[in-house]
Structure formats: C-alpha cells, structure tokens
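A short worksheet on the structure shown next.
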Amino acid sequence: MFEEKAILGEGPVWSAGDSVLWWVDPRSPSINCLNPQTGKNRPWTMPDWIGSVAPARSGLICATRTGFARFEPRSGKLTKIVDVLSAPDLRLNDGKCDPQGRFWAGSLDGMREGPNGRLFRLDEALTVDEQPFGYTVYNGTAWNVEGTFMYTADSWRRQIYRHAFDGERGQVSAPENFATIDDASGVPDGAAIDAEDHLWSVHFDGWRITRYTPSGRVDRVIHLPVQRPTSCAFGGDKLDTLFVTSARVRLTDRELREQPLAGAVFALDVGISGHPVQPFAG
C-alpha cells in the first residue's frame, strides 16, 4: 500500500518496459509514476483534467478534458493531438488500449443530465473514430483475453456492458448488459481482466472490488478499508499484483478520519495473475 492521498486517484496502468505504475489524479490535476520497488511516486502537475493515460512508444497517450494529447515525462510537456469535445460539461474519462494498440476513451456528463458521453477510438495514425453509444459517466474499459469482447460501464446507471469486438477493424457492437450493481454495492468504476478471463470491477462508494466470471456471475468480492476505490490494474514482473487506486473526493472530515487510507494506492495479492495491457501503437 502506498499512501499518496490522491483527491481522485484513477486510471492505473502498468508499464512493463520500465516496471512502473502510471496513474492520474484528474482533480489535482496530475500524472503520476509510482515505482513499487522504491515506493516513490513522482507527480507531474497538469494544466487541466487528465482522465486516463496509456504508455506509448514515446511517452504517454492521454485522455484530456477535451480530447487526446501526448505527454513526454522527460520534458514534462503535454502536446495536444486533437480535440473531440466542445460542450463545457463533457470531459473524457476512463481509457485503455485494445489488444492492437488503439487507445479508447469515453466521456462523462459533468452535470449528469443524461447519456451525453460518447466512446472514442484513437488510432495509430492519430485519427479518431466516434462510437454512437451514450454514457452518462463512462468507465470500466477492458478486453477479454482473446480480444473478442470489450467491456465498458456507465457508473451513473450502475451498469457494466459487454460488446462484441472486431480487433482487425477496431469495431464494437452495441452494448449488452453484463452485470447490474445494486444500490448497496456502490457503482462500477475502473476494471481489469485476469489471466483466467475474469473481470475485476472496482466499486466506487462500495468499499469493494468484485471479480466476475465471463458469464457475469459474481465469483469473489474483496472488501477494502476505503469507501471510494476507483480503478485497478495488474502489475509487477509477473503481473501478479493488483494495484487499486482510491479517492478522498467529497468525503467529510469525519469520513476522512475514519478512512485514513482514502486516496492511497493499494497493492493486493489476489492469487491470480493479470492479462497484459498493450501500449499505444503510435
């Protein structure tokens, strides 16, 4: 466990090339690099919201408030690639690379007025394709081991979806219901796939992580000492550590006293290895 005290820790992704965990704090806002061997975390302050990142051949690909950008850690420079959003209440949120190395990120409606968010695909050539599916609060990007299904979630609707996925063309089918989260269990946030093709979904406001079978059945629940875990990623040399980010955003002073680890990054041994996530191909 690493006591980082993030406002809204999010988007962990393991970089196998340099054995570090990248994660973001959109509310800070910052991009962070955690070295689990040394326990040291290096933050870079960003000019605005960063929803998620992915390792790339050069630096990181980022989902920003309005679009996509490239971040170079050596210089600390953030360079815009393209804007995809213009409405002031929309911003890009969770994102991840598919097995072919394309970066997918979805948007959320900050006013929660309806499914105004969309899913976007950034290709190797830095061109963007917009999907027609609507989300109020997009989250939960993941692919199954064979790369034939893509998972997404709408936190506002308490819904996890599964889409048929065509990796060759980078196309997804319309979402089908995979799991519905009850009121007492929080809302689905970030997700990861393990080597046995099970989906790990973090429940914001639910104090837990749930492991789902490929059929959508609850296989296992891990309770956490924080109310607002946010996302997860498998990492470590053998991908046998489940890293979990968390938040202290909108918690009262009393709740923060009762949850001194809120905002920390947890490192869990869950007895199963993860499936590797591809870096961006561009």
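The values are calculated or read from the model by the stated rules, or taken from the named source; none is laboratory data. For clarity, every value in this text was computed on a predicted model and none was experimentally measured. As a convention, Cβ positions derive from the backbone with ideal geometry for all residues, glycine included, and neighbour counts pool all protein chains shown. These area figures cover heavy atoms from the full protein model, side chains too; ligands, DNA and RNA do not enter into them. Shrake-Rupley method; radii C 1.70, N 1.55, O 1.52, S 1.80 Å.
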- Message: I'm checking my understanding of the structure. Among residues of the range 174-187 that are of a type in the set (A, V, I, L, M) and either under 12 Å from Val221 (Cα atoms) or part of a strand (DSSP E or B) (or both), which one is least open to solvent (accessible area, probe 1.4 Å)?
- Response: Ala179
- Task: Please go through the range 24-48 and pick out each residue that is β-branched (Val, Ile, Thr) and free of Cβ contacts under 8 Å to residues at least 12 places away in the same chain.
- Result: Thr38
- Message: Every residue in the range 21-48 that is within 14 Å of Phe266 (Cα to Cα) and either among the β-branched types (Val, Ile, Thr) or in contact with a Phe, Trp or Tyr (Cβ under 7 Å, 6 or more places away or on another chain) (or both), please.
- Response: Leu21, Leu34, Gly39, Asn41
- Item | Residues of the range 91-109 classified as open to solvent by less than 30 Å² (accessible area, probe 1.4 Å) and more than 30 Å from Glu168 (Cβ to Cβ), total | 1
- Task: Check every one of the strands (runs of 3 or more DSSP E) wholly within the range 188-247 and list those with 1 or more residues that are free of Cβ contacts under 8 Å to residues at least 40 places away in the same chain and over 12 Å from the mean Cα position of the chain (by Cα).
- Result: 199-204, 208-212, 218-223
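So if I check each of Ser86, Ser75, which one is closer than 22 Å to Asp18 by Cβ and in a loop (DSSP other than H, G, I, E, B)?
Ser75
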- When residues of the range 248-282 are filtered for being within 24 Å of Ala56 (Cβ to Cβ), in contact with a Lys or Arg (Cβ under 7 Å, 6 or more places away or on another chain) and not in a loop (DSSP other than H, G, I, E, B), how many remain? 0
- Task: Taking only the range 110-139 into account, find how many residues are open to solvent by less than 30 Å² (accessible area, probe 1.4 Å), out of contact with any Lys or Arg (no Cβ under 9 Å at 6 or more places or on another chain) and either over 22 Å from Phe178 (Cβ atoms) or not in a strand (DSSP E or B) (or both).
- Result: 1
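Rundown of residues vs (1) touching a Lys or Arg at 6+ places or on another chain (Cβ under 7 Å); (2) open to solvent by 30 Å² or more (accessible area, probe 1.4 Å); (3) modelled with pLDDT of 95 or more, yes/no style:
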site: Arg208; (1), (2), (3): no, yes, yes
site: Tyr212; (1), (2), (3): no, no, yes
site: Arg220; (1), (2), (3): yes, yes, yes
site: Gly235; (1), (2), (3): no, no, yes
site: Thr245; (1), (2), (3): no, no, yes
- Here are Ala142, Ala164: which of them is open to solvent by less than 10 Å² (accessible area, probe 1.4 Å) and either at negative phi or not in a loop (DSSP other than H, G, I, E, B) (or both)? Ala142
